[in-house]
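The values are calculated or read from the model by the stated rules, or taken from the named source; none is laboratory data. Because the structure is a prediction, the values reported are computed rather than measured. We place every Cβ from the backbone using ideal geometry, glycine too, and count neighbours over all the protein chains shown.
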Amino acid sequence: MRIPGTTPATVRVAFVSWLVAVGAGVLETALMMTGEEPPGDMATGLAVRSVVFVTAVAVAWQMLAGRRWARLVLAAGLGVVGLSSLVADPIAWLAGGGSFTGLLAESGPADLVFGVSRTIHTLAVLTATALMFTPPSNAYFRRGTALLTPLPRRD
């Protein structure tokens, strides 16, 4: 456990950003599951997403506590692989000639909510990943194991 007040703001904001990303992911999942064209195997998709969301929150708590491995897992797992899955389809759509004006004209309210949520999700992942590697965060994670060692007993 960390000594209160020693966690830098960059790490605290990164933690909140991971929670925002998970919240946006939950909203996107709910919109997909209740949409006009729900995914083929809803149960499997929901199970996989649930595991990812719960794991992300658990690992984010470990990151907040100064665990270096947690920072690396979040950066690689969600900051690289997860982010790639968020932006791959929109990039492919844009590369294929998609236009924002056409998209907005054809979108309903649920589509617009999904788009805003996906934008927030992406920005939260980018923010969290960047903040975990700022100089104050780096110093925090470098000294992480020392602060997790029990203090000597005074008799």
- Spot the failing condition for ALA43; the list is (1) touching a residue at least 40 places away in the same chain (Cβ under 8 Å); (2) assigned to a helix (DSSP H, G or I), and only one is missed. (1)
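Any residue in the range 82-98 that is among the hydrophobic types (A, V, I, L, M, F, W, C) and under 19 Å from VAL51 (Cβ atoms)? Walk me through it before giving the result.
Narrowing the range 82-98 to residues among the hydrophobic types (A, V, I, L, M, F, W, C): 83, 86-88, 91-95.
Narrowing the set further to residues that are under 19 Å from VAL51 (Cβ atoms) leaves 83, 86.
Checked against the condition, which is being among the hydrophobic types (A, V, I, L, M, F, W, C) and under 19 Å from VAL51 (Cβ atoms), the range 82-98 yields at least one hit.
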- Residue among THR145, THR122 that alone is at pLDDT below 85, under 30 Å from TRP69 (Cβ atoms), polar (S, T, N, Q) and in a helix (DSSP H, G or I): THR145
- Query: Given the structure, is GLY77 at pLDDT 90 or above and within 21 Å of GLU28 (Cα to Cα)?
  - Reply: yes
- Which pairs do you get when a residue that is small (Gly, Ala, Ser), found in the range 101-117, comes within reach of a residue that is outside any loop (DSSP other than H, G, I, E, B), reach meaning Cβ atoms under 7 angstrom, with the pair 6+ apart or on two chains? ALA110/LEU31; SER117/ALA24; SER117/LEU27; SER117/GLU28
- So which of GLY82, GLY97, GLY23, GLY66 is out of contact with any Lys or Arg (no Cβ under 9 Å at 6 or more places or on another chain), touching a residue at least 40 places away in the same chain (Cβ under 8 Å) and of a type outside the set (Ser, Thr, Tyr)? GLY82
- Message: Checking the conditions here, which among VAL26, VAL54 is among the aliphatic types (A, V, I, L, M), surrounded by 13 or more Cβ atoms within 10 Å (Cβ to Cβ) and modelled with pLDDT of 95 or more?
- Response: VAL26
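Against the condition of a type in the set (Asp, Glu), at negative phi, surrounded by fewer than 13 Cβ atoms within 10 Å (Cβ to Cβ) and modelled with pLDDT under 95, how does ASP155 come out, does it pass? Write out each step before concluding.
On the way: of a type in the set (Asp, Glu): yes; at negative phi: yes; surrounded by fewer than 13 Cβ atoms within 10 Å (Cβ to Cβ): yes; modelled with pLDDT under 95: yes.
Considered against the rule, which asks whether it is of a type in the set (Asp, Glu), at negative phi, surrounded by fewer than 13 Cβ atoms within 10 Å (Cβ to Cβ) and modelled with pLDDT under 95, ASP155 comes out as yes.
Please work out if ARG71 is under 21 Å from SER117 (Cβ atoms) and either of a type outside the set (A, V, I, L, M) or loosely packed, with under 15 Cβ neighbours inside 10 Å (or both). Step through it out loud before you land on a result.
Values: under 21 Å from SER117 (Cβ atoms): no; either of a type outside the set (A, V, I, L, M) or loosely packed, with under 15 Cβ neighbours inside 10 Å (or both): yes.
For ARG71, the condition - under 21 Å from SER117 (Cβ atoms) and either of a type outside the set (A, V, I, L, M) or loosely packed, with under 15 Cβ neighbours inside 10 Å (or both) - is not met.
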- Just give me the residues in the range 17-68 being among the hydroxyl-bearing types (Ser, Thr, Tyr) and more than 24 Å from ALA128 (Cα to Cα), in sequence order. THR34, THR44
